[in-house]
1. Answer yes or no: is there a residue in the range 271-286 that is within 27 Å of Arg150 (Cβ to Cβ) and under 20 Å from the mean Cα position of the chain (by Cα).
2. On the given criteria, is Ala72 closer than 19 Å to Val128 by Cα, without any contact (Cβ under 8 Å) to a residue 40 or more places away in the chain, open to solvent by less than 20 Å² (accessible area, probe 1.4 Å) and part of a helix (DSSP H, G or I)?
3. Taking the range 52-69 only, how many residues are open to solvent by 30 Å² or more (accessible area, probe 1.4 Å) and assigned to a helix (DSSP H, G or I)?
4. Please name all residue pairs, on different chains or six or more residues apart, with Cβ atoms under 8 Å, provided the first residue is in the range 249-271 and is under 21 Å from Asp324 (Cα atoms) and of a type in the set (Ser, Thr, Tyr) and the second residue is open to solvent by 10 Å² or more (accessible area, probe 1.4 Å) and assigned to a loop (DSSP other than H, G, I, E, B).
5. Could you go through the range 269-279 and let me know if any residue there is outside any strand (DSSP E or B), modelled with pLDDT under 85 and more than 29 Å from Leu23 (Cβ to Cβ).
6. Pairs, please: C-beta under 7 Å, at least 6 apart or cross-chain, first residue in contact (Cβ under 8 Å) with a residue 24 or more places away in the chain and in the range 194-223, second open to solvent by less than 30 Å² (accessible area, probe 1.4 Å) and among the small types (Gly, Ala, Ser)?
7. Pairs under 9 Å by beta carbon, first residue within 13 Å of Leu337 (Cβ to Cβ) in the range 353-364, partner of a type in the set (Ser, Thr, Tyr) and part of a strand (DSSP E or B), six or more apart or different chains?
8. Out of the residues in the range 254-270 that are out of contact with any Gly (no Cβ under 9 Å at 6 or more places or on another chain) and among the small types (Gly, Ala, Ser), state the one that is surrounded by the fewest Cβ atoms within 10 Å (Cβ to Cβ).
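The values are calculated or read from the model by the stated rules, or taken from the named source; none is laboratory data. Computed from a prediction, not measured in an experiment: that's the story for all the values here. A quick note on method: Cβ atoms are made from the backbone with ideal geometry, for glycine too, and the neighbour counts reach across all protein chains shown. These accessible areas exclude ligands, DNA and RNA; they are computed on the full protein's heavy atoms, side chains included. Shrake-Rupley method; radii C 1.70, N 1.55, O 1.52, S 1.80 Å.
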Amino acid sequence: MSECDSEFRSQECSNMAWAFAKLGVKDLPLLQSISAASLAILAEFDPQGIANTVWAFAKCDFGHGPLFDAIAAASVAQITEFTPQDLASTVWAFSVLKVQNDPLIHAIAKEALNKISETGNQSLAYLVDADLPLAAAAEALRARMEDLARQVVNMLPKHLAALPAVRPLTGSVADADLAALQVDNLGAVGSRSVLEKLGIGPVPLAFESVAEERIAERLAAGPPPSLLGGPAAAERVRVQSELVHRRVFGFATFRFEFEGVVILEGDALNENGAKSFRGGASRWLQPTNLSINRWVERVLCAEFQLVAEICDRLDTAMRGGMEDPMRRLCVTGSLRLLTSTSPCLSCLSMLRQMQLLLPSLTLEVSFRSMSGLADGG
């Protein structure tokens, strides 16, 4: 791109950055060229172009100090023209890249308050998690999130259909009704509100420390090996190394008792995606199709796979007893789970299903914000 930097205008710069980030391709020379070209013509950028550019850079985990400083100043100057989605994308990007700019954050807070009635649910989640400094804005956004969390809880399943088999949920609205909310992830604040309403508390701090150590060890070990072998595996690793992949982890400890006898205990660590130890449908749990990223296979979420695998192990320990509702009722114990980012709505539904499957089990769940403890991009 360097040979034609001078020919690129603002829309070409933002569109190219957005497209490569959306495809998960991180090309450092390209990003550096886009940064240089954008700095030269920043006055041409409209709010959507600004928001798309910083979002793309954050997705690629690429922070360019001079460009972000200039973008912050340009954003403050035209903040009243930002849509709620532009505000949310911008504050998310600055947060992910840990770029602190107080004038910009205060301007975003003020404008978010002015446009709160226009704010969509996914943008709301990002803005609430940003913990904006203007008290009136933070309070108003949190109040709206509480209303949204109540709606979500009312849409989660109330009871389960017959087991075994991958069965439909009953007593809940169809996926289409959840899709109408136009949100995939409620963020840390919204997800915690949902779990509290379901009676699911956070994990102890000591468990958080252990979980974070285990996740850090996995990250330090590098990408997991391919599920394929031979030359195909080598090629897959090479391609993956050139792509931006958001690595999300779940770590759990569990202890199950049946009629006072411990039948299963241990821990497990899992990563999202088909490369991890489990893929495909669960016999016990059902994912939910969501509205924004409709192509994402929610069965491959880290926490979904992790809990589904634990259910399979428990069924083996019970010698097929998971099929019997009365025997499941006699299972006591605890399941503690920490994930490196807040759960999507599908995984919140999965946790509710787990409550219904094992009503005598104590569930404790914690997570990080949508920017993620262990977000690889």
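1. yes
2. Values: closer than 19 Å to Val128 by Cα: no; without any contact (Cβ under 8 Å) to a residue 40 or more places away in the chain: yes; open to solvent by less than 20 Å² (accessible area, probe 1.4 Å): yes; part of a helix (DSSP H, G or I): yes.
When the stated conditions are applied, Ala72 does not pass them.
3. So in the range 52-69, the residues open to solvent by 30 Å² or more (accessible area, probe 1.4 Å) come out as 52, 55, 59, 61, 63-66, 69.
Checking the rest, the ones that are also assigned to a helix (DSSP H, G or I) come to 52, 55, 59, 65-66, 69.
Final tally of qualifying residues: 6.
4. Once the first residue is under 21 Å from Asp324 (Cα atoms) and of a type in the set (Ser, Thr, Tyr) and sits in the range 249-271, no partner that is open to solvent by 10 Å² or more (accessible area, probe 1.4 Å) and assigned to a loop (DSSP other than H, G, I, E, B) comes close enough.
5. To start, the set of residues in the range 269-279 that are outside any strand (DSSP E or B) comprises 272-279.
Okay, now just the ones that are also modelled with pLDDT under 85, so 273-279.
Next, only the ones that are more than 29 Å from Leu23 (Cβ to Cβ) stay: none.
No; the residues of the range 269-279 include none that is outside any strand (DSSP E or B), modelled with pLDDT under 85 and more than 29 Å from Leu23 (Cβ to Cβ).
6. These pairs meet every condition: Val194/Ala149; Lys197/Ala149; Pro202/Ser366; Val203/Ser366; Glu208/Ser366; Ile215/Ser340; Ile215/Ala374; Leu219/Ala374.
7. The qualifying pairs are Leu361/Thr332; Leu361/Ser334; Thr362/Thr332; Thr362/Ser334; Leu363/Ser334; Glu364/Ser334.
8. Gly260
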